[in-house]
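Note sheet for the following structure.
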Amino acid sequence: MRETMVLRKNKNMVTRVIDDETILLPIYKTSDEINSIYTLNRVASRVWKLINGKRTLGEIKKQILKDFDTIPEEVSKEMAKFLKDLKEIKAVV
Amino acid sequence: MKEIQYKKFSWRTHKKNWRGKKPNVCQFELTFKCGLHCAHCYTDCYNKPSYIKKELSTRQVKSIINKMHRMGVVWLCFTGGDPLTRDDFLELYSYAKDKGFITTIFTNGYSMTPEIADYLVKRPPFVIELTLNGITQKTYEKMARVKGSYSKVMAGLEMLRKRNLPLKIKTMATRQNIEELSGIKQFLESRGLKFAPSTLLHAGLNGDITPCKLRLKPEEVIALDKMFSLKSMGEDSECPPTHNSGKKGLREENRLFRCAAGGSDGINVDPYGKMFMCSCLREPAISLLQARQPDIEKALFDTFPTIADRTFETSSKCRYCDIIDLCGLCPGKAYLETGSMEKPVEWFCELAAKGVEYAQNLS
């Protein structure tokens, strides 16, 4: 995904911190539809928080590099994988 | 991001917080107001304007929802009375949804409107559990004690069904609808819905034993169990399972509570904002409006589990009963009906004895 891209969260996905674990819940799935929920690691959880329909992916990446002691290549790789997952489950548009 | 099967998440979360860690589940009685006045209902005693006017405001409910969110509650059930009778129901429902609760609604369908149903299509709950106690006007209105209720409830049910909303039907089997139970089963099954009757009535929250007088005879309960493959014997299926089930030494432990009661991962909140252990046992309670976090934690991790760990203090015959595992009575129900958590209720004794007879005849 391009660094200039801006993503918006799907309002039907809500994060909760349950037992120190960040969980992404599809809150409008019914008992018949809900198959999965998703857990986020620390970086993914921070990325999710930063997605606000205004920040570009480049800005989010910069912020992640500031917040976590990690190298740019790793952040890029991890973010790309996470954003692909989010797209797949329609958590972002 | 890791994907977890919902069932696994549910099982893991319940297991992790079982007995005194933190609540995962909350049954929130948004109001005791209800369009019906069923004689078997345990909350109808408070379905009066003088009580309803003391119930929580919108702002207060939201403040309690915030506290539940901070407690880490995952599954939130809106019940009553009928929660749909609140003018602000959709506002509260949306508020809870936006907070990330997995939300269930208990209703009788009487106050369902096309507006509410349409809204729920856009933002569906996890499940709606609707109570249907009759399929003829005569039986339904005899039980509900409200003229015109039958057509309103049937319309409510159809609104939900036609919109394919997630629906489960519950039926309370009483003296008033026993003749109609087979018909209800047929009615539901022809609409792709499951028949799930319960026979375990208990006294009103004010101690009124009128609901108990509507219980089926124990032999009728056994007959229904046979006819509909139910399981009326033993603990209430809606209660948390016994923490000691199947463990040797339960009787020696002299434990009063066979269910997990306040030591499970569930809490109950009434329309005045009081939090307590189970829907039948409402003392001790803590006001969630006034309580601060340390008070809430003390109730959850100390007061409630201490009650749940209580042992028999009297020589109640329940204490020495050999067939108690077949008994549907619990300290909460006993308290409502007799004023004592330890006193037996003869109907449950007879039902358990009939259950033994039934099992013996099978073998």
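Each reported figure results from applying straightforward, stated rules to the coordinates on display, with no laboratory input. Values in this document were obtained by computation on a predicted structure and should not be read as measured data. Neighbour counts run over all protein chains shown; Cβ positions are idealised from the backbone, glycine included.
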- Note on the structure: Note: A:18-24 gets an average of partner chain Cβ contacts (10 Å, Cβ to Cβ) equal to 5
- Item | Farthest positive-ward along chain B dipole, Cα basis, beta-carbon charges - from B:Ile307, B:Pro125, B:Gln176 | B:Pro125
- Grab the DSSP H runs of chain B that are 4 residues or longer, score each as -39,500 (n - 2.57), total them, divide by all residues and round the 222 nm result to the nearest 500 deg cm²/dmol. -10500 deg cm²/dmol
- DSSP loop (so not H, G, I, E, B), at most 11 other Cβ within 10 Å: list which trypsin sites (Lys or Arg not before Pro) in the stretch B:290-354 pass both filters. B:Arg292
- May I have the extent of the alpha carbons of the stretch B:95-183 along their three principal axes, as whole Å values ordered from largest to smallest? 43, 21, 20
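Taking the Cα centre of the stretch A:42-93 as origin, sum charge times position over the Cβ atoms of Lys and Arg (+1) and Asp and Glu (-1), and report the length of that vector in debye to the nearest 20.
Details: 13 positive and 8 negative charges, 52 e Å.
Dipole of the stretch A:42-93, to the nearest 20 debye: 240 debye.
Taking DSSP loops as anything outside H, G, I, E and B, show the longest stretch in chain B free of GluC sites (Glu not before Pro) there with at most 14 other beta carbons within 10 Å. List each step's numbers first, then the result.
Numbers: sites that count: B:Glu238, B:Glu313.
It works out to B:1-237.
Mind checking the stretch A:1-86 for chymotrypsin sites (Phe, Trp or Tyr not before Pro) that DSSP puts in a loop (not H, G, I, E or B) and that have at most 14 other Cβ atoms within 10 Å? Can you show the working numbers first?
Working: sites: A:Tyr28, A:Tyr38, A:Trp48, A:Phe68, A:Phe82; in loops: A:Tyr28, A:Phe68.
Of the chymotrypsin sites (Phe, Trp or Tyr not before Pro), the ones in loops of the stretch A:1-86 whose Cβ has at most 14 other Cβ atoms within 10 Å are A:Phe68.
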- Message: For a quick size check, give me the Cα extents of the protein assembly as shown along its three principal axes, largest first, whole Å.
- Response: 72, 52, 50
- Note on the structure: Residue-ordered couplings for the stretch B:308-314, obtained by feeding phi - 60° into the Karplus form 6.51 cos²θ - 1.76 cosθ + 1.60 and rounding to whole Hz (Gly and Pro as x), are 5, 8, 4, 10, 4, 10, 10
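What's the whole-number percent of alpha carbon pairs in chain B lying beyond 31 angstrom?
Details: 23414 of 65703 pairs.
It works out to 36 percent of all Cα pairs.
What is the sum of charges around B:Gly80, taking Lys and Arg as +1, Asp and Glu as -1, for the other residues whose C-beta is under 11 Å from the C-beta of B:Gly80? Walk me through the numbers on the way to the answer.
On the way: positive: B:Lys33, B:Arg86; negative: B:Glu29, B:Asp44, B:Glu55, B:Asp82, B:Asp270.
Taking every other residue near B:Gly80 into account, the sum is -3.
Find, among the trypsin sites (Lys or Arg not before Pro) in the stretch A:3-93, those assigned to loop by DSSP (not H, G, I, E, B) with at most 14 other beta-carbon atoms within 10 angstrom. Don't skip to the end; give the middle numbers.
Numbers: sites: A:Arg8, A:Lys9, A:Lys11, A:Arg16, A:Lys29, A:Arg42, A:Arg46, A:Lys49, A:Lys54, A:Arg55, A:Lys61, A:Lys62, A:Lys66, A:Lys77, A:Lys81, A:Lys84, A:Lys87, A:Lys90; in loops: A:Arg8, A:Lys11, A:Lys29, A:Lys54, A:Arg55, A:Lys90.
The qualifying sites are A:Arg8, A:Lys11, A:Lys54, A:Lys90.
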- Item | Residue-wise HN-Hα coupling along the stretch B:44-53, computed from phi with Karplus coefficients 6.51, -1.76, 1.60 (Hz; x: Gly, Pro) | 4, 4, 9, 8, 9, x, 4, 7, 4, 5
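Give, in whole angstrom and from largest to smallest, the semi-axes √(5λ) of the equivalent ellipsoid of the stretch A:13-88, with λ running over the eigenvalues of the Cα gyration tensor. Walk me through the intermediate numbers first.
Numbers: eigenvalues 123, 34, 25 Å².
Largest first, the stretch A:13-88 gives 25, 13, 11 Å.
Once fully extended, how much extra length lies between B:Ser315 and B:Ser63, figured as 0.36 nm per residue of separation less the alpha-carbon to alpha-carbon distance?
Values: separation 252, 0.36 × 252 = 90.72 nm, distance 4.41 nm.
The span from B:Ser315 to B:Ser63 would gain 86.3 nm if fully extended.
About its Cα centre, how strong a charge dipole does chain B have in debye, to the nearest 20, once Lys and Arg get +1 and Asp and Glu get -1 at the Cβ? Please list the in-between numbers first.
Values: 56 positive and 41 negative charges, 197 e Å.
Taking the Cα centre of chain B as origin, the dipole is about 940 debye.
Using a cut-off of 13 Å between beta-carbons, work out the net charge of the residues near B:Arg282 (Lys and Arg +1, Asp and Glu -1, B:Arg282 not included).
Values: positive: B:Lys274, B:Lys333; negative: B:Glu29, B:Asp270, B:Glu283.
Within the 13 Å Cβ shell, the charges total -1.
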- Message: Please compute the average number of Cβ atoms from other chains found within 10 Å of each residue's Cβ in peptide B:48-60.
- Response: 0
- Points 7 angstrom from Cα along the Cβ direction at A:Asp32 and B:Lys138: gap in nanometres? 3.4
